[in-house]
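What follows is a set of notes on a single structure, which appears directly below.
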Amino acid sequence: MQKPENWKDLTWQEKREWRFKRWRAAEGVKFESAEAKKKHDARVDRIIKAIKLEELPDRVPIDIAAGSFPAYYAGYDLKTVMYDAEKMRESFMKFARDFQTDTMPMAMVSSARVLEYTQSYTMKWPGGGCRTTPLSSSSSKKSICRRTSTTSISGTRRTTFSVNSFPARRGSSRLFPNSGRSIPSWGSVNN
């Protein structure tokens, strides 16, 4: 579906209507059955009605921020889906089919391979992250990732990692003494 020639002259409402039509048309999508197409159209219509606030949808649209739950629901652990894209896809597809939400849940789980490739050391994930060695030879020997455990009133133990956002060199730790932030350790939470 091509944008109309007069796209720049359209009002925001007209542009929105064109986008809604394009979304509902699902051009290039091959549905498994007529029933699947019917369900798609009903879900899109439901969401459009909720967005426009002009008429009531048949029910409130459901969009679940599933986080890493689909991995566990499919029988995997977080490390497995972070290192195996096919298992991540499989777990999120199972979740979407079983829970029948109106939208496809976003994978709130990062690819560990991407995190390793980009050398992301500001977070901890199962199998990697959070450097405890200096970033360069000119850095101080101070660890940039510190593990702390706390216990809540209910007795639940939570492990976090404090990560310095700034390099520990040339006195930056004196300039920014509170530059760390807490990041949950997914492999150690509630242990």
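The values are calculated or read from the model by the stated rules, or taken from the named source; none is laboratory data. If you're wondering where the values come from, they're calculated on a predicted model, not measured in any experiment. We place every Cβ from the backbone using ideal geometry, glycine too, and count neighbours over all the protein chains shown.
When the criteria are applied in full, Thr101 fails the requirement of being in contact with a helix residue (DSSP H, G or I) (Cβ under 9 Å, 6 or more places away or on another chain), among the hydroxyl-bearing types (Ser, Thr, Tyr) and not in a loop (DSSP other than H, G, I, E, B).
Of all residue pairs spaced 6 or more apart or on separate chains, those with beta-carbon atoms under 6 Å, a first member in the stretch 1-21 that is not assigned by TED's automatic domain parsing to the domain that holds Lys49 and a second member that is modelled with pLDDT under 95 are Met1/Arg22; Met1/Glu27. Of the candidates Thr80, Thr151, Thr118, Thr156, the single residue that is of a type in the set (Ser, Thr, Tyr), at pLDDT 65 or above and crowded, with 16+ Cβ neighbours inside 10 Å is Thr80.
Keeping to the stretch 1-35, report how many residues are touching a helix residue (DSSP H, G or I) at 6+ places or on another chain (Cβ under 6 Å) and over 23 Å from Ile51 (Cα atoms). Looking only at that region, the number is 1. Selection of the stretch 1-43 for residues being hydrophobic (A, V, I, L, M, F, W, C), part of a loop (DSSP other than H, G, I, E, B) and surrounded by 10 or more Cβ atoms within 10 Å (Cβ to Cβ) yields Met1, Leu10, Ala26, Phe31. Please determine, by comparing only the residues of the stretch 94-109 that are surrounded by 14 or more Cβ atoms within 10 Å (Cβ to Cβ) and free of Cβ contacts under 8 Å to residues at least 40 places away in the same chain, which one is farthest from Tyr72 (Cα to Cα). Looking at the filtered set, the residue picked out is Thr101.
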